[in-house]
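The values are calculated or read from the model by the stated rules, or taken from the named source; none is laboratory data. Predicted, not measured: the structure shown is a model, and the values here were computed from it. Quick reminder, even Gly has a Cβ in these numbers, built from the backbone with ideal geometry, and neighbours come from all protein chains shown.
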Amino acid sequence: MIEQSENGNVTILTLAHGKANTLDIEFCEALVARFEQLRTSPARAVVLTGRAKIFSAGVDLVRLAGDGTDYIRKFLPALHRLYDAVYFFPKPVVAAVNGHAIAGGCVLACCADMRVMARESGRIGVTELLVGVPFPVLAFEIMRAVTTPRFFPQAILSGATQPPDAAIERGFIDEIAEPAALMQRALELAQTLAALSPPAFAMAKRQIRQPVSERLLLSQAIEAEVTEIWTRPETLARIRDYVARTFKKS
């Protein structure tokens, strides 16, 4: 599911879960476990990337549509734990977005401190409303934190995905690199952050993320409502319809 390698004091985690790195319970739990291990490892920074032309296609909708309500009630907390583990990770995290980062995959990339995307490699954006599901609270707040304010309502409500040139304007990514230079640039960014004082960096990151932490505390009631909407029969019907239409196109 996850390939790990080292480059000096930087750990590289390569997502390797099927063809599209779709997020299911097992993959979320595996990533959480890896980030928990890295908290106490000698690594000073982490680079998160994918393979080929996909960073992550987001939630495994086929699994979700097939397994239904019981699976969803277990999956949403696992997804929350994944975003929590990466977004609040005390060490630097750089996302090397090698290709498509869609919906939950976009949120995962946006958990990183810095995001560099390969030119003409794919699209990035949050398509949750097109699928028919509301944003989990932490996912919504992460997107609020990274998205350029004037684009935020449009990004959420339209469900549009963007090529790298438009994505950088919207705040989804910070830099664009040529595909062959993507990992080199991500490592340069990670090494620059790794050279900072670890306690000072961790405190600054905690302060930067503080508004998200505060909003989470105020939104606990919304989280229950989000789960209720995800598990409605009509929501599952929308998801199944979206899956049928999407796979028919492909």
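I want to confirm something. Restricting to region 75-121 and keeping residues that are of a type in the set (Val, Ile, Thr) and closer than 15 Å to Pro163 by Cβ, which single residue is surrounded by the most Cβ atoms within 10 Å (Cβ to Cβ)? By that ranking, first place goes to Val97. Within region 1-46, the set of residues being touching a Phe, Trp or Tyr at 6+ places or on another chain (Cβ under 8 Å), surrounded by fewer than 17 Cβ atoms within 10 Å (Cβ to Cβ) and not basic (Lys, Arg) comprises just one member, Met1.
For Ala96, the requirement of being among the hydrophobic types (A, V, I, L, M, F, W, C), in contact (Cβ under 8 Å) with a residue 24 or more places away in the chain and farther than 24 Å from Gln207 by Cβ is met. Beta carbons closer than 6 Å, at least 6 apart along the sequence or on distinct chains, pair a first residue in region 170-194 that is within 27 Å of Pro42 (Cα to Cα) and basic (Lys, Arg) with a second that is buried (at least 16 other Cβ atoms within 10 Å of the Cβ) and at pLDDT 95 or above for Arg185/Val116; Arg185/Ala177. From the list Pro198, Pro134, Pro164, the one residue that fits, being surrounded by fewer than 24 Cβ atoms within 10 Å (Cβ to Cβ), touching a helix residue (DSSP H, G or I) at 6+ places or on another chain (Cβ under 6 Å) and in contact (Cβ under 8 Å) with a residue 40 or more places away in the chain, is Pro134.
Yes or no, residue by residue, for (1) outside any loop (DSSP other than H, G, I, E, B); (2) over 30 Å from Pro198 (Cβ atoms); (3) β-branched (Val, Ile, Thr):
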residue: Leu76; (1), (2), (3): yes, yes, no
residue: Arg150; (1), (2), (3): yes, yes, no
residue: Ala160; (1), (2), (3): no, yes, no
residue: Ile168; (1), (2), (3): yes, no, yes
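When region 201-250 is limited to residues that are surrounded by fewer than 10 Cβ atoms within 10 Å (Cβ to Cβ) and touching a helix residue (DSSP H, G or I) at 6+ places or on another chain (Cβ under 9 Å), the one that is modelled with the lowest pLDDT turns out to be Gln220. The condition of being under 22 Å from Ala118 (Cβ atoms), at pLDDT 95 or above and under 16 Å from the mean Cα position of the chain (by Cα) holds for only one of Thr11, Thr22, that being Thr22. Among residues of region 96-132 being part of a loop (DSSP other than H, G, I, E, B) and under 12 Å from the mean Cα position of the chain (by Cα), the one that is nearest to Ser158 (Cα to Cα) is Val126.
Has region 52-74 got at least one residue that is among the acidic types (Asp, Glu), touching an Asp or Glu at 6+ places or on another chain (Cβ under 7 Å), buried (at least 17 other Cβ atoms within 10 Å of the Cβ) and in a loop (DSSP other than H, G, I, E, B)? Scanning region 52-74 turns up at least one residue that is among the acidic types (Asp, Glu), touching an Asp or Glu at 6+ places or on another chain (Cβ under 7 Å), buried (at least 17 other Cβ atoms within 10 Å of the Cβ) and in a loop (DSSP other than H, G, I, E, B).
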